[in-house]
Amino acid sequence: MTATYKTTGTCARKIDIDVKDRAIVKVIFDGGCEGNLKGISQLVKGMDASEAIGRLEGIKCGQRGTSCPDQLAKALKEML
């Protein structure tokens, strides 16, 4: 299953996600801190989507109520 998630409250504008049999195949962030987001994308590759949600949900960036990892968790929750 492939989806595009429009983010809110972050520098990244959207996240393209590919999940197969609950495993994360690919994550591409559009915008944001390129190096950090490429790193996050590589770290979650192959991970069960539920595990990624558990690890990333609720992470905040500075004074924002969310972050790019939190937005990825929200996108994965919508996909499941």
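Please give the calculated 222 nm ellipticity per residue for the chain, where each DSSP H segment of at least 4 residues contributes -39500 (n - 2.57) and the sum is spread over every residue; nearest 500 deg cm²/dmol?
Working: 3 runs with 31 residues, N = 80.
Only helices count here, giving -11500 deg cm²/dmol.
Below 8 Å between Cα atoms, with a sequence gap of 6+, how large is the relative contact order for the chain in percent?
Details: 131 pairs, mean separation 20.6, N = 80.
This gives 26 percent for the chain.
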Check your understanding: On a 0 to 90 degree scale, rounded to 10, what angle separates helix 68-79 from the longest Cα axis of the chain?
Key -> 40
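Note the full-extension length gain between Q42 and T4 as 0.36 nm times their separation in residues minus their Cα-Cα distance, in nm to one decimal. Provide the component values of the computation, followed by the final result.
Details: separation 38, 0.36 × 38 = 13.68 nm, distance 1.77 nm.
Net length gain for the segment: 11.9 nm.
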Review point. Under the Karplus relation 6.51 cos²θ - 1.76 cosθ + 1.60, θ = phi - 60°, what is the ordered set of whole-Hz ³J(HN,Hα) values for region 3-8, x standing for Gly and Pro?
Key: 8, 10, 10, 7, 7, 9
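Bear in mind that the values in this text are calculations on the coordinates, not laboratory data. Quick caveat: nothing in here was measured; it's all calculated off a predicted structure.
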